[in-house]
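Encoded as structure tokens, the structure appears first; notes follow it.
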């Protein structure tokens, strides 16, 4: 009797062991199958719905990993397309100045040029070189700001000096077209901004105002202080912008149809908008064709005294 009980106990133990081994193998197979599906990187795969809590948890975690991988893949594909488009845009933008530089260089190599012709071609070369330099510099700043390689701090700074420095930077350009820069009188206002980068924004907008304004016209700068934001308004009497382009003009390399005859690459306003977003501000525009535009640079106000 004791021998029989012992045999039965051994048999039961063997069965239990075999079942445990089978259970373990089944679990390993299930895990292996799930991991194979995760590794496959397929866009759409199905995972089994299991009643076992441990397996169900593994399935749920695997689905989360698949979703994360898919999101990363889609993000990478999007970034790849953006880079491809950017390279195409840059190639298009630099093609003309490079072609012009080649042409004027070949013209200067001729022996029968007059002094006036030589000086003219040299000035054209300088202009094309400045255009390329400005484009490359702007793209460099844009890419570094977008990637986070450039971080700048904002502080409570008086806006009057910022505006004065911006006007000084473009004064000669306005003088060449006999454009009068008028600043409405105002008491200095303490605003949250980085002076150096805000000057970059103001200069970009002022240069556009000069470029698209007629000779002997006027550009007016005014301040409108509000509770949360303070607006710096730059009003010109230029060619204007169609309403449908209000948002598009802040996109990289976009240029309105009525601006095609003017020299430009369409990066300045994009860079300005990017800088403003980095310091918690924004830019708006109102315009009428052949009447002019008003660009408003909005910076955060503060009650702190200068």
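Nothing in this text is a laboratory measurement; each read-out follows from the coordinates by a stated rule. Since the model is a prediction, treat every value here as computed from it, not as a measurement. As a convention, Cβ positions derive from the backbone with ideal geometry for all residues, glycine included, and neighbour counts pool all protein chains shown.
Take every DSSP beta bridge with both residues inside the stretch 155-301 and express the antiparallel ones as a percent of the total, to the nearest 5.
85
Sort 107-115, 200-208 by packing, meaning the average of other beta carbons within 10 Å per residue, with the highest value first.
Ranking the peptides 107-115, 200-208 by packing returns 200-208, 107-115.
Students often check this: by mean Cβ neighbours within 10 Å, which of 276-288, 231-243, 134-146 ranks highest, and how do the rest follow?
In decreasing order of mean packing, 276-288, 231-243, 134-146 become 231-243, 276-288, 134-146.
Where both residues lie in the stretch 106-223, what percent of DSSP beta bridges are antiparallel, nearest 5?
Among the beta bridges of the stretch 106-223, antiparallel pairing accounts for roughly 50 percent.
Quick check on the stretch 155-301: what are the equivalent-ellipsoid semi-axes from the Cα gyration tensor, as sqrt(5λ), descending, whole Å?
Three semi-axes, in Å: 23, 18, 14.
Beta carbons within 10 angstrom, averaged per residue: use that to sort the peptides 176-189, 158-171, highest first.
Ranking, from highest mean packing down: 158-171, 176-189.
Contact order normalised by length for the stretch 155-301, with contacts defined as Cα pairs under 8 Å and 6 or more residues apart; what percent is it?
Across the stretch 155-301, relative contact order equals 26 percent.
Between the stretch 94-163 and the stretch 196-262, what is the C-alpha centre distance in whole Å?
The two parts, judged by their Cα centres, are 20 Å apart.
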